[in-house]
Amino acid sequence: MYYLTMEYVEGTSLKQLITSRGRLPVAVALTVGKQLCRALEVAHAEGVIHRDIKPQNIAVEPSGFLKVMDFGIARLANPPQGKGLTEAGMSIGTPDYMSPEQLSGSELDPRSDLYAAGVVLFECVTGRVPFEAETTWALVAKHPEEQPPDPRSLNADVPAPLAAVILKAMAKDPAGRFASAGEMHDALARIG
């Protein structure tokens, strides 16, 4: 008999928190960002790319501890030949948070999760996602083609160093992003 066991996490999703409270204070967003980067660092060290980082998949326990959930579409960074669940050229995930390379169905590496982490932080400090559109197809076109707005244009309380981290994480070209989740964590830690 096959069965699945999972940890019960008491708390609320980050999405529910943003929906109920609006944009989060900068100090809270920094805490979320640093914990998210640490969780991604562990997953990436094991060769796992999450591929669906979004506030709905981040649980915040009453203590403030953050848990990344739903590794249901995660994939090994270097899957054995013929063992992948999705074919090259397919995209899977949530368009609001997907990197340009993920939307195009290209091969992914951990920097794709960092793009999504940048979108999550953008939403934490502004209360909205960086790209909005009438249709999914119009939204899908915005990630690779349009530059995200500076979060400070939507929230003057965002310090310039935090805006710089968010925008670097959301660079269109993966080479322009942080090299690792640890590097992104350290950039956030220098802010506060």
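For this structure, a couple of remarks:
- Leu188 in a helix (DSSP H, G or I) and over 16 Å from Cys37 (Cβ atoms): no
- Of the residues in segment 117-125, none is of a type outside the set (Val, Ile, Thr) and either in a loop (DSSP other than H, G, I, E, B) or at pLDDT below 95 (or both).
- Selection status of Val129, assigned to a helix (DSSP H, G or I) and of a type in the set (Val, Ile, Thr): no
- Considering residues of segment 149-185 that are small (Gly, Ala, Ser) and part of a loop (DSSP other than H, G, I, E, B) only, the residue nearest to Ser106 (Cα to Cα): Ala171
- Condition met for Leu139 (assigned to a helix (DSSP H, G or I) and closer than 21 Å to Glu183 by Cβ): no
- Sub-9 Å Cβ pairs linking a first residue in segment 136-158 that is under 11 Å from Val125 (Cβ atoms) to a second residue that is surrounded by 16 or more Cβ atoms within 10 Å (Cβ to Cβ) and of a type in the set (Phe, Trp, Tyr), at least 6 apart or interchain, are Pro151/Phe122; Leu154/Phe122, ordered by first then second residue.
- Note on segment 2-46: residues that are in contact with a strand residue (DSSP E or B) (Cβ under 7 Å, 6 or more places away or on another chain), aliphatic (A, V, I, L, M) and outside any helix (DSSP H, G or I) amount to 1.
- Residue match in segment 98-115 (condition: assigned to a loop (DSSP other than H, G, I, E, B), at pLDDT 85 or above, crowded, with 21+ Cβ neighbours inside 10 Å and among the hydroxyl-bearing types (Ser, Thr, Tyr)): yes
- No other residue among Gly33, Gly22 is exposed (fewer than 13 other Cβ atoms within 10 Å of the Cβ), touching a residue at least 60 places away in the same chain (Cβ under 8 Å) and not β-branched (Val, Ile, Thr) apart from Gly22.
The values are calculated or read from the model by the stated rules, or taken from the named source; none is laboratory data. Treat the numbers as computed from the prediction; the structure is a model and nothing was measured. Glycine gets a Cβ as well: all are built from the backbone with ideal geometry, and neighbour counts include every protein chain shown.
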